[in-house]
Amino acid sequence: MYLRSTTLKKISAVLHFFKKKQTKVLNREFMGFNLFYSEGTSLVKRLDEGKEYEAETVDCLKNILKQKDKESPVILDIGANIGLISLAILKEFPKAKIFAFEPGRHQYELFETTIEKNQLKENILLFDIALSNKNGTADFFVHSTEDASGDGLLDTGRAGKAKLVKIRTLKLDDWWKENGRIDVDLIKCDTEGAEYFVFGFGRELVTQCRPAIVLELFEKNIEKYPFTVKDLFDLFEELEYDFYTLSGEKLTNDNKTEMMSKMAEFQALPRK
């Protein structure tokens, strides 16, 4: 049986939470689902402008899953926010099993409501923890509704004014063992610079499952952390993974600096 980090609460409790925060909760159709979000969020603003949400990333994730050709693929959505990526995957792969991680209470409550209202509990298991380099608690920087996508373990300074809250943290490998060493096919990771903490303490999962990984690799975020971009490249070299752009161009020592200046998300794929 899979472990849940918290018991799902009633929708009325979620609405009460946001009422106290003086944040209006709205809902809209997204990918055939009823999506709950807070007024003013920049994530949904893109949809209101007629834009697809992270279209290149979503297409990359879908292509990876199509190549794996599994009826019920297992995905980790690390840094799930209000669930837009998870829902986009589920639209294309309705039998997928998604383990989603969102430590920000603001986003967690909204995604929890979306899961409950759309009866997705069998497809999406949501955890209110940050996958990190230690088990316990940590400071977490949260921002306004408009900038909530910039929440993280450190303040990168790119998302406006932040305040500190306490969250629960867990190493990826320990979470994996607690949940029965499931066979993971794909990991999407967007943790605002903390990617080394996730995979540096998830070596056993990566070594055993060899999942495809789509992650943010943005030097402006990483430079706030006690590791470097080189450390990340060295880690994936140790794990025998190569980096590619979302469109499939391989990163090399000659082109990776240029590529990272043009884009922030990449694929990490196991060597064959």
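Measuring between alpha carbons in the structure, the pairs from K68/K262; K66/K166; K24/K51; K51/K177; K70/K230; K91/K262 lying more than 31 angstrom apart are K66/K166; K51/K177; K70/K230.
Ordering 85-97, 103-115 by mean Cβ neighbour count within 10 Å, with the highest value first, yields 103-115, 85-97. Within the range 115-267, antiparallel bridges make up roughly 65 percent of the DSSP beta bridges whose residues both belong there.
What does the C-alpha gyration tensor say about the overall shape of the range 228-272? Classify as rounded when a/c is under 1.5, otherwise prolate if a/b is larger than b/c, or oblate. It comes out oblate by the Cα gyration axes. For the chain, the longest principal axis of the C-alpha atoms and the axis of helix 105-117 are separated by about 80°. In this structure the range 40-171 gives 42 Å² per residue of accessible area when probed at 1.4 Å with all protein chains present.
The sum of -39500 (n - 2.57) across all DSSP H runs of n ≥ 4, divided by the residue count of the chain, sets its helix-only mean residue ellipticity at 222 nm to -9500 deg cm²/dmol. Between the alpha-carbon centres of the range 74-112 and the range 204-272 there is a gap of 22 Å. Measuring nothing but how far apart in sequence close Cα pairs (under 8 Å, 6+ apart) lie, relative to its length, the range 17-150 scores a relative contact order of 24 percent. Once a ≥ b ≥ c are taken as the square roots of the eigenvalues of the Cα gyration tensor of the chain, is the result rounded (a/c under 1.5), prolate (a/b larger than b/c) or oblate (a/b not larger than b/c)? Since a/c stays below 1.5, the shape of the chain is classed as rounded. Using C-alpha pairs under 8 Å with a sequence gap of at least 6, the mean separation divided by the residue count of the chain gives a relative contact order of 16 percent. Most simply put, the chain has about 55% antiparallel DSSP beta bridges, counting only bridges with both residues inside it.
The values are calculated or read from the model by the stated rules, or taken from the named source; none is laboratory data. Just so you know, these numbers come straight off a predicted model, no measurement behind them. Virtual Cβ from ideal backbone geometry, glycine too; neighbours counted across all protein chains shown. Accessible surface areas use protein heavy atoms only, side chains included; no ligands, DNA or RNA. Shrake-Rupley method; radii C 1.70, N 1.55, O 1.52, S 1.80 Å.
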